[in-house]
Amino acid sequence: MTMPALHFQPWGETLQEQLDAARRAEAAGAAVVWAPELHRSAPVTAAALAARTSSVGVGTGIALAFARSPFLTALSALDLDELSGGRLRLGLGTGVQRLNEDWHGVTWSRPVQRLRETVLAVRAVVAGAHTGDPIEFEGDVVQLRVRGYRRPYPPVREQIPVYLAGVGPAMTALAGEIGDGWISHELCSPSYLSSHVLPRLRPRPGFEVVVSACCAIDDDPVRARADAAGVVGFYASVRTYGDLFAFHGLADEQQRVIDAFRGGLPADGLAGAVAPAMVDRLTLTGTPDEVASRIAAYSGPAGAVKLSPPTHGLPAERTRELQERILRLIEEVYR
């Protein structure tokens with residue numbers, strides 16, 4: 001069975017537990033461990049992951065591109081690349097309008113153009129911060145004028161790979177145009193990747209396509225499906241993902257989730273409104289052999305699959321058990 005590389009997004013009730021899971025993933029053969037940004041800071045978590053591992057790649061997945069200045073993002077990337085010995089993948093994404101404006105006080109305008117210019121400005125700082133030469137970038141949205149500055153530490157690399165998250169067609173196309181890699185939404189499928197994503201990405205040699213996947217493994221496939229249903233329900237309650245569900249023939253099923261949400265169910269409590277077909281088509285669930293087979297279905301279209309256990313609507317102990325099964329699968333497949 002041909003398999004793509006396996007990446008892993010470690011979970012933990014504490015940061016120490018998250019770091020322990022990352023070390024185990026490295027020992028099991030995972031290629032990259034990723035630090036998400038929602039309940040923790042992605043750069044801080046990535047720094048801890050880098051310090052506690054020795055060979056596995058370390059990524060920010062996904063750090064918010066607009067909540068920090070391009071200059072600070074570049075300095076964080078340089079620090080993380082030094083701390084990891086050149087293992088960093090700088091994952092950036094826009095987030096949604098409400099998060100930027102209400103949580104971070106960031107004006108939302110022209111996100112595709114702004115992300116393009118942010119990436120170019122970050123790369124300019126990474127390449128030139130140690131030289132003492134002026135660093136200037138003049139974009140339509142992002143401007144950068146750095147004079148009289150020299151970072152007194154030699155960089156591990158003057159080019160750090162940038163991975164972009166993209167859901168819509170324009171952002172996906174931007175990732176293919178200027179990124180070193182692309183990271184999918186947590187819900188995906190091989191058919192959607194092949195028909196909707198790759199034609200927009202048009203990946204070139206060296207470009208890495210990373211599929212993010214909610215993964216629930218259990219000897220009882222019905223229980224595994226139920227474990228992942230909360231994640232599907234959480235995203236199905238948002239109309240932004242309507243095209244994804246409609247492509248898979250799940251528009252009516254999504255509407256039932258939306259109706260349940262509007263009827264008063266919390267976003268983390270929608271598992272009961274999720275049809276089994278939604279979980280089957282958009283996540284990796286089932287027995288170990290079934291999940292391994294579904295991962296293999298991404299071989300060719302995707303260079304890597306990033307696995308993470310479901311958390312929505314589940315007690316911590318169950319998420320911990322599901323993470324254990326993922327770690328065991330990585331070890332069985334890659335050792």
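We did not get these values from a lab; they are worked out from the coordinates using the rules stated. Bear in mind that the values here come from a model prediction, so they are computed numbers and not experimental data. A quick note on method: Cβ atoms are made from the backbone with ideal geometry, for glycine too, and the neighbour counts reach across all protein chains shown.
Quick notes on this one:
- Net dipole in debye of the chain [+1 Lys, Arg Cβ; -1 Asp, Glu Cβ; about Cα centre; nearest 20]: 720
- Treating each Cα of the chain as an identical point scatterer and summing with the Debye formula, the log10 of I(q)/I(0) at q = 0.08, 0.10, 0.12, 0.14 Å⁻¹ comes to -0.37, -0.58, -0.84, -1.15.
- Kirkwood-based shape ratio for the stretch 124-180, expressed as Rg/Rh from alpha carbons: 1.08
- Going by neighbour counts of Cβ atoms within 10 Å, the residues 248, 104, 7 line up, fewest first, as 104, 248, 7.
- Inter-probe distance in nm under a simple model that places probes 7 Å from Cα toward Cβ, at residue 113 and residue 69: 2.2
- Evaluated with a Cβ-only charge set (Lys, Arg +1; Asp, Glu -1), the stretch 160-273 carries a dipole of roughly 360 debye about its Cα centre, given to the nearest 20.
- Using the Cβ-Cβ distance between residue 173 and residue 145 with R0 set to 41 Å, the FRET efficiency from 1/(1 + (r/R0)^6) comes to roughly 0.90.
- From the alpha carbon centroid of the stretch 88-123 to that of the stretch 46-66 is 19 Å.
- Relative contact order [Cα under 8 Å, 6+ residues apart], the stretch 221-286, whole percent: 50
- Counted over the chain, the DSSP beta bridges are approximately 10% antiparallel.
- 11 Å tail of the calculated P(r), the stretch 106-146, as % of Cα pairs: 62
- Whole-number D in µm²/s for the stretch 221-286 (Stokes-Einstein; Kirkwood sum over Cα pairs; 10 °C, 1.306 mPa s): 139
- Once C-alpha pairs closer than 8 Å and six or more residues apart are averaged by separation and normalised to the residue number of the chain, the relative contact order reads 19 percent.
- Relative contact order (%) - criterion: Cα under 8 Å, at least six apart; region: the stretch 186-241: 33
- The charge dipole of the stretch 221-286, taken about its Cα centre with unit charges on the Cβ of Lys, Arg, Asp and Glu (plus for the first two, minus for the last two), comes to roughly 60 debye.
- Residue separation of residue 202 and residue 293 scaled by 0.36 nm, minus their Cα-Cα distance, works out to 30.2 nm of gained length.
- The length gained by stretching the chain between residue 267 and residue 104 to full extension, at 0.36 nm per residue less their Cα-Cα distance, is 56.5 nm.
- Charge-dipole axis of the chain as Lys and Arg at +1 and Asp and Glu at -1 on Cβ define it, positive-most pick from 250, 97, 22: 97
- Peptides 312-325, 174-187, 89-102, 225-238 ranked from most to least packed, by the mean per-residue count of other Cβ atoms within 10 Å: 225-238, 174-187, 89-102, 312-325.
- Along its first, second and third principal axes, ordered by size, the stretch 30-84 spans 29, 23, 15 Å in Cα coordinates.
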